[in-house]
Amino acid sequence: MKTLTGKDLAAAIRAQTEAEAAAGPQPRLAVVVATADEASLWYVRSIAKAAAGVGIACDLVDLGPEARREQIGETLARLSGDSHVHGVMLQTPLPAGASPQELAGAIDPRKDVDGANPLSLGRLAAGLPAFPPATAAAVMALLDHYEVELRGRRAVVVGRSTVVGKPLAHLLLDRHATVTVCHSRTRDLPSVTSEAEVLVAAVGRAGLIGADHVAPGAVVIDVGTNPTGDGGLTGDVDSEAVAGLAGALTPVPGGVGPVTTALLLRHTARAANLP
Ligand SMILES: NC(=O)C1=CN([C@@H]2O[C@H](COP(=O)(O)OP(=O)(O)OC[C@H]3O[C@@H](n4cnc5c(N)ncnc54)[C@H](OP(=O)(O)O)[C@@H]3O)[C@@H](O)[C@H]2O)C=CC1
Ligand SMILES: Nc1nc(=O)c2c([nH]1)NC[C@@H]1CN(c3ccc(C(=O)N[C@@H](CCC(=O)O)C(=O)O)cc3)C=[N+]21
């Protein structure tokens, strides 16, 4: 089985992004946070660090876990109207009563570098230019980097969230894959996933995908990031169980994650260079 790591690809994307960022006015990304979730805060800090590394300014706008919906919406609207800010991202999870889908409507689509505004998803579905969510884009970037053929092949996505599963299904369709999307109400998940030549797991359940879910030779992309008891991270795929079966598998950590962060920065540099 081949291991499809994301580290080198992420480094290449960052190098390209650094050059793009240096070509114009310094890009600026604003990340709005309203959570105490440790994993989420870790991601935000890693974005800030990676941004600094490629010459992108990054403002963390931390509203705290008690932030009210109105306050989050006003913050997003203010940042969208600020000509010094080129990219705006709303980190999830949000406090109870605040819907990310509804609030992200306040992000100017031209600054929507994590594809969170429903308009961006609609444009993506319609085949119009838009920023896809960085995670969905990262899956496509990994498949392209490792030259995985998609045209005419059976792709199964497990998970239908607005951040990963839904946009990814559209991106795969655009590349002429035959796409099936599974979710928590899917009956007999293994019978569906074992038809996949390309299988993407984006659920958030450690080890959900085992040997009976995977066809021999399948390319498996593991988007899941589940905290382990000892402070580490593990994916949705039971990598030991599928190792003798899958043709290729992305590791967690070191797979989709680093590419996601790199692409968020690439989107920001592109947003800053939009005419
Ligand atoms: N590496 C990265 O860059 C990123 C990683 N992630 C990770 O990816 C994972 C998914 O994230 P996200 O999409 O935001 O999660 P959500 O919780 O929003 O969505 C999870 C999806 O999985 C489905 N699901 C839940 N249980 C099952 C099951 N037993 N069988 C089949 N489907 C199931 C849900 O179905 P239903 O719709 O019916 O509830 C839902 O569609 C998480 O681990 C997250 O941390 C997320 C973003 C970025
Ligand atoms: N609006 C929004 N967009 C997101 O994209 C989003 C979000 N909200 N909420 C939280 C999840 C989680 N997420 C991760 C991204 C990168 C890594 C990552 O790079 N992880 C490293 C390792 C980390 C470690 O070892 O602890 C890796 O996989 O190699 C992890 C998790 C993005 N998310």
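No lab work stands behind these numbers, since they all come straight from the coordinates. Bear in mind that the values here come from a model prediction, so they are computed numbers and not experimental data. Please note: Cβ atoms are built from the backbone with ideal geometry, for glycine as well, and neighbour counts cover all protein chains shown.
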Could the peptides 179-190, 238-249 be put in order, highest first, of the mean number of other beta-carbon atoms found within 10 Å of their residues? 238-249, 179-190
Residues whose placed amide H lies under 5 Å from that of Cys58, excluding near-sequence neighbours: Leu29
Peptides ranked, highest mean first, by Cβ atoms within 10 Å: ranges 99-109, 254-264: 254-264, 99-109
Cα convex hull of segment 25-108 - mean projected area over all directions, nm²: 5.1
Listed residue pairs exceeding 22 Å between alpha carbons, taken from Lys7/Lys49; Lys49/Lys111; Lys7/Lys111: Lys7/Lys111
How charged is the neighbourhood of Ala130? Take every other residue with its Cβ under 9 Å from the Cβ of Ala130, and add Lys/Arg as +1 and Asp/Glu as -1. 0
Candidates Glu149, Glu197, Glu70, ranked by Gaussian network fluctuation over the chain, Cα under 10 Å, top entry: Glu70
How big is the chain in terms of Cα radius of gyration and Dmax, in angstroms? 18.2, 53
Diffusion coefficient, µm² s⁻¹, Stokes-Einstein with Kirkwood Rh over alpha-carbon pairs of segment 186-275 at 37 °C and 0.692 mPa s: 232
Evaluated over segment 100-177, the Cα radius of gyration and Dmax, each in Å: 12.5, 37
